Amino acid sequence: MPDSISCRAAYLASACSFALTVAAGMPVAVAQTVINNQTVTVPPGTIPAGTNLTVGSTGTGVLNIVAGGVVTTGDTTIGSLAGSDGTISVSGAGASFSHINTMRIGDLGTGRFLISNGATVSSEGVHLGDGGGSGTATVSGVGSSWNFNNSLYIGYDNNSTATVNVLNGA
């Protein structure tokens, strides 16, 4: 039984988070944050550290991580289901995003991942264009960086489309 379940108004309809106290030997549940039919900006908003993140599940979702904003997630999906549209933008000095598991950009839907103006990103495995979706990643501007600790798959399967753009001195 969860200790607490809460849906934060900042995330609106479909973004809930929960915390569990787990006895020794019990499986651990992973919290999920879904940004759907809305835009969330960090800061001032927050994404609970280490949660699985979906931006654009069945509709349109946008996550803007701006100067000073730091987000760390587990699995991350941008543009999850067919017809969905998701965007994560990491922009500005001190803005950073990292994920400790796989990130799918354009899973079955359309996903965009934008890194600009000196922002930094650290990635484990990335699937750009996965499951028949369309994924675009753009790194733009001096000082912007995207570092990989594992693999980057561009066009993960034959039915997907994928684009990588490196622009403006990145």
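The values are calculated or read from the model by the stated rules, or taken from the named source; none is laboratory data. Here the structure is a predicted model, which is why all the values come from computation and not from measurement. Don't worry about glycine lacking a Cβ; one is built from the backbone with ideal geometry, like all the others, and counts go over all protein chains shown. Only protein heavy atoms, including side chains, enter the accessible area calculation; ligands, DNA and RNA are left aside. Shrake-Rupley method; radii C 1.70, N 1.55, O 1.52, S 1.80 Å.
Pairs linking a residue in region 132-150 that is in contact (Cβ under 8 Å) with a residue 12 or more places away in the chain to a residue that is open to solvent by 40 Å² or more (accessible area, probe 1.4 Å) and of a type in the set (Val, Ile, Thr), with Cβ atoms under 7 Å and 6 or more positions apart or on different chains, are Gly133/Thr110; Ser134/Thr110; Ser134/Thr161; Thr136/Thr163; Ala137/Val164; Val139/Val166; Ser145/Thr120. Among the residues of region 35-72, those identified as in contact with a helix residue (DSSP H, G or I) (Cβ under 8 Å, 6 or more places away or on another chain) and at pLDDT 85 or above are Ile35, Gln38, Val40.
For region 122-132, enumerate the residues that are in a strand (DSSP E or B) and surrounded by 24 or more Cβ atoms within 10 Å (Cβ to Cβ). If the condition is that a residue be in a strand (DSSP E or B) and surrounded by 24 or more Cβ atoms within 10 Å (Cβ to Cβ), then Val126, His127, Leu128 are the ones that fit.
Comparison of Gly135, Gly118 shows that the only residue that is in a loop (DSSP other than H, G, I, E, B) and either buried (at least 17 other Cβ atoms within 10 Å of the Cβ) or among the hydrophobic types (A, V, I, L, M, F, W, C) (or both) is Gly118. Of the residues making up region 146-166, not a single one is of a type in the set (S, T, N, Q), at pLDDT 95 or above, open to solvent by 40 Å² or more (accessible area, probe 1.4 Å) and not in a strand (DSSP E or B).
Residues that are farther than 18 Å from Ala170 by Cα and under 10 Å from the mean Cα position of the chain (by Cα) within region 103-125 comprise Met103, Arg104, Ile105, Gly111, listed in sequence order. Within region 72-110, restricting attention to residues that are touching a His at 6+ places or on another chain (Cβ under 9 Å) and aliphatic (A, V, I, L, M), which residue is nearest to Gly125 (Cα to Cα)? For region 72-110, the residue satisfying everything is Met103.
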